[in-house]
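Shown next, in structure tokens, is the structure this report addresses.
The values are calculated or read from the model by the stated rules, or taken from the named source; none is laboratory data. On a predicted model such as this, the values are computed, not experimentally measured, just so you know. Here the Cβ positions follow ideal geometry from the backbone for every residue, glycine too, while neighbour counts run over all protein chains shown.
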Amino acid sequence: MQPKNLKRLLRALGRQGLDVTYSDRTYSVRLANSLDAPVAEVLLPEDFPVEAKALKQLANLASVRHPSGGCVCRACATPDFHPGDAGVAIGSVVETVGQVIPSAVGSDINCGMRLHVADLTIEEFLTKRDQFVERMKGDYFFGTRDVTMTAQAMRALFQYGVPGWLDAMLDRPTGSVVKSDLQQLTEESERIFLGGSMNGNWKLAPEELVSDVGLVRDGGLATIGGGNHFVEVQRVDKVENRTLAHAWGVREGQLAFMIHSGSRNVGKYIGGMWRDKAKAAWQKNLKYPDSQIFPLSTSSHPELVASYLQAEATAANYGFVNRLLLAELLRLRLREVYKDVEAPLVYDLPHNITLPQIEDVETSYTMSLQSKIQNRSTERSRSPKSKIDKWVTRKGACPAYAGQPVIIPGSMGDYSYLMVGRGNPAFCNSASHGAGRLRSRFDLNRRGASESEAELGLTGVDCITLREERRIEEAPAAYKPIQSVIDVQVAAGMVDVVARLSPVLTFKA
DNA sequence: ATGTGC
């Protein structure tokens, strides 16, 4: 099925020097009259046409070229692709050489997913559901959470992410974390992508990167955030790959907790600041690109690129700890209400982040990817000649390297999936970060209120929120059915299913 | 994405 406006769109892209062909659910974008490989591939689920605006945004992104050198070597879009409001579509992945593009990550730096399982049946859970929900509402909505910490811990959090923050906490535990098993948290950091740390060769202090937003006035730590962010209680509904599920500690019938959140105001601050800085760094005598997407060049402005990557890392580190604390609060309340229930981490991974490009994809899901990147960073700092200057930037797309766990949520009325990456380089070793929006929030707000619960897909959905409009905006009818998005990615060799999870109740801020 | 805004 092709979109109605495809011809018009192709003409518009043709005027920009781009050819688009459509075959087997994939749109291939090429430079006109060129025999080069496509600059962008877009994979779409069956029966869902591409949005012209999103395709235009991807073509723009794939064409970003810093005049001082720098290019895009590959771009693609995952099947939850939809237009973004900063000129970059959600579901875009871009591989660059000689340049990094701050707005290709955007403001929601290290937005990502986290999954825990717990040895508790749904029946046991439901017996004390109300008591549990009241405690979580306190923590997530009414500010009863206690995440106070020393200035030293806060600094370590920004600079070194989970491991550095844990060291500071082991030194002097504060707040809710006092009741946590810090040793368990340390061991679990191996199940976080990159070990929960984007530490590089720090040249700037956190104060210079996050200003007083994070260091002094931050009140966002351990909060869910708005939009599509959530914390959901689920049930492991069906295991498809017994070997991997067993290795990852996942069994049918277990209760599960899925978290979707990011770096809150810290990412917003840093993302916005660097979108502006990249624009300000554009050569004064040159016209702005029509796309308004501004890259930073590693050859002409290496110090600016380094500062940006450090700033992004600072927000990313905050995002890792934010998800950890959201989970830790849940784990604490679970122990209080249900006694001695363990809820181990399955995996935590970002879907909005810039990473050095990894050539081979033999990465297991544990620390090997982290050590590869760190080894590269060490090489880089030791020998300027072997400088890595190839980057992959994902905005609303998961890394899906071979053997690595991937978490793909559906709407609050649909299944979510624990997957394993297969490392498909044609799709930049990536996978979708969700089902993808089908109807805008505006549309849902305007018309949704007049639609029935059944029409909105809300029948049987247990959504815990203080805002009725959020329940409508995020209703299952706002999203594509997850199955089609999963199927097309399995068929394309990007991921395989490990387990299917069904929703029990969803917290939405 | 953002204690939002058509």
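Do you know which residues across segment A:426-442 are surrounded by 13 or more Cβ atoms within 10 Å (Cβ to Cβ) and either more than 19 Å from the chain's Cα centre (by Cα) or not in a strand (DSSP E or B) (or both)? The answer is A:ALA426, A:PHE427, A:CYS428, A:ASN429, A:HIS433, A:GLY434, A:ALA435, A:GLY436, A:LEU438, A:ARG439, A:SER440, A:ARG441. Among the residues of segment A:410-445, those identified as of a type in the set (A, V, I, L, M, F, W, C), within 16 Å of DNA strand B (Cβ to nearest atom) and closer than 24 Å to A:PRO503 by Cα are A:MET412, A:ALA435, A:LEU438, A:LEU444. Being of a type outside the set (Val, Ile, Thr), closer than 19 Å to A:PRO399 by Cβ, touching a residue at least 40 places away in the same chain (Cβ under 8 Å) and surrounded by fewer than 22 Cβ atoms within 10 Å (Cβ to Cβ) holds for only one residue in A:ARG25, A:ARG74, A:ARG114, and it is A:ARG74.
Number of residues in segment A:446-457 that are within 13 Å of DNA strand B (Cβ to nearest atom) and of a type in the set (Gly, Ala, Ser) equals 2.
Residue-level check: of (1) surrounded by 20 or more Cβ atoms within 10 Å (Cβ to Cβ); (2) away from DNA strand B (no atom under 12 Å from the Cβ); (3) not in a loop (DSSP other than H, G, I, E, B), A:VAL250 misses just (3). Report, by residue number, each residue of segment A:482-501 that is in contact with a Gly (Cβ under 8 Å, 6 or more places away or on another chain) and closer than 21 Å to A:GLN234 by Cβ. Across segment A:482-501, the qualifying residues are A:ILE482, A:VAL485, A:VAL495.
Considered as a group, the residues in segment A:458-475 that are closer than 15 Å to A:LYS137 by Cβ and assigned to a loop (DSSP other than H, G, I, E, B) include one that is farthest from DNA strand B (Cβ to nearest atom), and that residue is A:ASP462. Looking only at residues in segment A:92-108 that are in a loop (DSSP other than H, G, I, E, B) and of a type in the set (Gly, Ala, Ser), the one that is farthest from A:ALA75 (Cα to Cα) is A:SER107. Identify all residues within segment A:61-71 that are at positive phi and surrounded by 21 or more Cβ atoms within 10 Å (Cβ to Cβ); write none if there are none. Within segment A:61-71, A:GLY70 is the sole residue that qualifies. In segment A:433-450, the residues that are at pLDDT 85 or above form Cβ pairs under 7 Å with partners that are basic (Lys, Arg) and more than 10 Å from DNA strand B (Cβ to nearest atom), at six or more places apart or across chains, as follows: A:ALA435/A:LYS480; A:GLY436/A:LYS480; A:LEU438/A:LYS480.
In segment A:99-106 there is no residue matching the filter, namely being of a type in the set (Ser, Thr, Tyr), more than 15 Å from the chain's Cα centre (by Cα), buried (at least 21 other Cβ atoms within 10 Å of the Cβ) and under 21 Å from A:ALA280 (Cα atoms). Can you pull out the residues in segment A:43-86 that are part of a loop (DSSP other than H, G, I, E, B) and β-branched (Val, Ile, Thr)? If the condition is that a residue be part of a loop (DSSP other than H, G, I, E, B) and β-branched (Val, Ile, Thr), then A:VAL50, A:VAL64 are the ones that fit.
Hey, does segment A:258-281 have a residue that's away from DNA strand B (no atom under 14 Å from the Cβ) and on the phi > 0 side of the Ramachandran plot? Scanning segment A:258-281 turns up no residue that is away from DNA strand B (no atom under 14 Å from the Cβ) and on the phi > 0 side of the Ramachandran plot. Taking the listed residues A:PHE125, A:PHE81, the one that is buried (at least 16 other Cβ atoms within 10 Å of the Cβ) and over 20 Å from A:THR393 (Cα atoms) is A:PHE125, with no other qualifying.
Taken together, the residues in segment A:140-169 that are in a helix (DSSP H, G or I) and in contact with a Ser or Thr (Cβ under 8 Å, 6 or more places away or on another chain) amount to 11.
In this structure, is A:VAL147 out of contact with any strand residue (DSSP E or B) (no Cβ under 7 Å at 6 or more places or on another chain), within 16 Å of DNA strand B (Cβ to nearest atom) and of a type in the set (Val, Ile, Thr)? Here the answer is yes, as A:VAL147 does meet what is asked.
Could you look through segment A:85-98, keep only residues that are on the phi < 0 side of the Ramachandran plot and either of a type outside the set (A, V, I, L, M) or within 10 Å of DNA strand B (Cβ to nearest atom) (or both), and pick out the one that is farthest from the chain's Cα centre (by Cα)? Out of the qualifying residues, it is A:THR96.
Beta carbons closer than 7 Å, at least 6 apart along the sequence or on distinct chains, pair a first residue in segment A:394-405 that is farther than 20 Å from A:SER107 by Cβ with a second that is among the hydroxyl-bearing types (Ser, Thr, Tyr) and in a loop (DSSP other than H, G, I, E, B) for A:TYR401/A:THR363; A:ALA402/A:THR363; A:GLY403/A:THR363; A:GLY403/A:SER364; A:GLY403/A:TYR365; A:GLN404/A:THR363; A:GLN404/A:TYR365; A:PRO405/A:TYR365. Each residue in segment A:221-241 was checked for being within 16 Å of DNA strand B (Cβ to nearest atom), touching a helix residue (DSSP H, G or I) at 6+ places or on another chain (Cβ under 8 Å) and of a type in the set (A, V, I, L, M, F, W, C), and 4 pass. Among the residues here, A:SER502 does not qualify as surrounded by fewer than 20 Cβ atoms within 10 Å (Cβ to Cβ) and under 17 Å from A:GLY91 (Cβ atoms). Within segment A:193-213, identify whether any single residue is out of contact with any helix residue (DSSP H, G or I) (no Cβ under 6 Å at 6 or more places or on another chain), in a helix (DSSP H, G or I), over 23 Å from A:LEU304 (Cβ atoms) and at pLDDT 90 or above, and answer yes or no. Scanning segment A:193-213, I find at least one residue that is out of contact with any helix residue (DSSP H, G or I) (no Cβ under 6 Å at 6 or more places or on another chain), in a helix (DSSP H, G or I), over 23 Å from A:LEU304 (Cβ atoms) and at pLDDT 90 or above, so the answer is yes. Give segment A:477-508 a look and list any residue that's in a helix (DSSP H, G or I) and of a type in the set (A, V, I, L, M), or say none. Within segment A:477-508, A:ALA477, A:ALA478, A:ILE482, A:VAL485, A:ILE486, A:VAL488, A:VAL490, A:ALA491 meet the criteria. Taking each residue of segment A:455-478 that is under 17 Å from A:HIS229 (Cβ atoms) and looking for partners that are outside any helix (DSSP H, G or I) and acidic (Asp, Glu) with beta-carbon atoms closer than 7 Å, six or more apart or interchain, yields A:PRO476/A:ASP414.
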